[in-house]
1. List, please: which pairs have Cβ atoms under 6 Å, are six or more places apart or on different chains, and start with a residue in the stretch A:161-175 that is farther than 15 Å from A:TYR72 by Cα and more than 9 Å from chain B (Cβ to nearest Cβ) and end with one that is assigned to a helix (DSSP H, G or I) and of a type in the set (Asp, Glu)?
2. So which residues in the stretch B:89-112 are of a type outside the set (Ser, Thr, Tyr), surrounded by fewer than 18 Cβ atoms within 10 Å (Cβ to Cβ) and in a loop (DSSP other than H, G, I, E, B), if there are any at all?
3. Among the residues of the stretch A:142-160, what is the count of those that are free of Cβ contacts under 8 Å to residues at least 24 places away in the same chain, out of contact with any helix residue (DSSP H, G or I) (no Cβ under 6 Å at 6 or more places or on another chain) and surrounded by 12 or more Cβ atoms within 10 Å (Cβ to Cβ)?
4. For A:GLY25, all conditions in the list (1) assigned to a helix (DSSP H, G or I); (2) surrounded by 12 or more Cβ atoms within 10 Å (Cβ to Cβ); (3) more than 14 Å from chain B (Cβ to nearest Cβ) hold save one; what is the number of the exception?
5. Here is a list of conditions, (1) touching a helix residue (DSSP H, G or I) at 6+ places or on another chain (Cβ under 9 Å); (2) within 30 Å of A:SER194 (Cβ to Cβ), and A:ILE89 meets all of them except one; can you say which number that is?
6. In the stretch A:31-82, which residues are free of Cβ contacts under 8 Å to residues at least 60 places away in the same chain, surrounded by 15 or more Cβ atoms within 10 Å (Cβ to Cβ) and either at the interface with chain B (Cβ under 9 Å from one of its Cβ atoms) or in contact with a strand residue (DSSP E or B) (Cβ under 6 Å, 6 or more places away or on another chain) (or both)?
7. Would a scan of the stretch A:191-198 turn up a residue that is under 22 Å from the mean Cα position of the chain (by Cα) and either of a type outside the set (A, V, I, L, M) or part of a loop (DSSP other than H, G, I, E, B) (or both)?
Amino acid sequence: MGPLFPLNLIGEETNLIIGFFIGIGFGFLLEAAGFTNTRKLAGVFYGYDFVVLKVFFSAAITAGIGIYLLSYYGYLDVKEIYYPQTFWIPTLIGGFIMALGFIIGGFCPGTSICAAATGKVDAIIFVGGAIVGVFFYSVTFDAIWAPIRDSGAMGKVNIASWMGISQGLFLFLLTIIAVMAFFAVTIIQKRVTSKRDYKL
Amino acid sequence: MKRNEIIIVAILLIGSFWAFTLDDNNRYRNETYTPCELVDLTAKADKFITPDELAKRIMNNDPSIVLIDLREKKEFEIYSLPNAINIPIKNLLDDQFNPVLNQNTYTNVFFSNSSDLASKAWMICTRMGFKNNYILQGGLNLWAENILRPTAPKQTAVNAEFVKYNFRRAASAYFVGSSVVDENNGNNGNNENKTAAPAPASKKKKDAAGGGCN
């Protein structure tokens, strides 16, 4: 039955329209949850607000469970869902740069667009910086980045099969880890906020 | 943690535990049976239909039977069973044939020259969870041997063999027409057709009886 677009169950136009409305919902909820506030995202690093971590961890697990169950009951063909090949070295470097971007700029790529749409000047500058970065990367790709980009190739890796355990067990373990992380960050948050009064 | 956070965590735990209990790496989308179940099914299932049984059902105009020729179109056009449809095995899972295969009303009989293509098709269709799949035992080769060119049993054979032989001669006349060659004496079988065609005759009688007082 799914995914709808790769299996040609819907056309490209319908796909774009559905994407448009999901995008509206996503942007609305990011703004409504206060994620376009730079202090919220930076709070994860300073230890006074872990909502971002909780939300994105829960979202990832919800999506994981949903995809697993839909696939198990035959409503979704996982093989048709695109996921990129893994190159662990550039991923590690990219993750490091992204974390720096989070803590310095206070935005992640999605929230920066939402914040720019609300008219936040810092977000507009952040998006501008991202565009310049993308341009710089593409211009200098062959000269500088190509060897790094292709290093550490692991092919299409599913983390559960890479670890040699089943998908269901992996999801369950991930949820346990998430729950433990939620408890831990709640304690950290209490301690940090009791020392200093952070205002978002 | 706040109350709604605890609720969300509980839901996630239940969901992931559900996924964990379902876990079965051997089960893939669209494939109803695991390899182990399929082996059991292959060993148990009465998946063959003999040429005699098929001939009987075709001669009785059984509407539930669908004959599927798995050979290439060229071979299909040269000769096939009456009213057979051609699904070359490489196109078996094409969308256009899905309504034919994925159903629960008709009896699908796969055949090719021998029974190996049909066995493959049976395996694929059964694994996909399609119902009512059968293989024509021995394929068209055995069909030709048993039905189109039946050989007479030895004089010492049991009566059942003669009954079967007579039926096959009748079936031969039905499928090949009057030009059937009697292999015993090399003559055209016309003169023996009367005695050799009990099956259609008895069917007629039955029909008349079934029709009531008319």
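The values are calculated or read from the model by the stated rules, or taken from the named source; none is laboratory data. In this text the structure is predicted, and so the values were computed from the model without any measurement. FYI the Cβ positions are ideal-geometry reconstructions off the backbone, even for glycines, and counts take in every protein chain you see.
1. From the stretch A:161-175, no pairs qualify.
2. B:LEU93, B:ASP94, B:ASN102, B:GLN103, B:ASN104
3. Residues that pass the stated criteria total 3.
4. The one condition A:GLY25 does not meet is (2).
5. Result: A:ILE89 passes all but (2).
6. Residues satisfying the conditions are A:THR62, A:LEU69, A:SER71, A:TYR72, A:VAL78.
7. No.
To keep it simple, each residue is scored yes or no on (1) away from chain B (no Cβ under 13 Å); (2) surrounded by 12 or more Cβ atoms within 10 Å (Cβ to Cβ).
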| residue | (1), (2) |
| --- | --- |
| A:ILE125 | yes, yes |
| A:GLY129 | yes, yes |
| A:ALA178 | no, yes |
| A:ALA184 | no, no |
| A:ARG191 | yes, no |
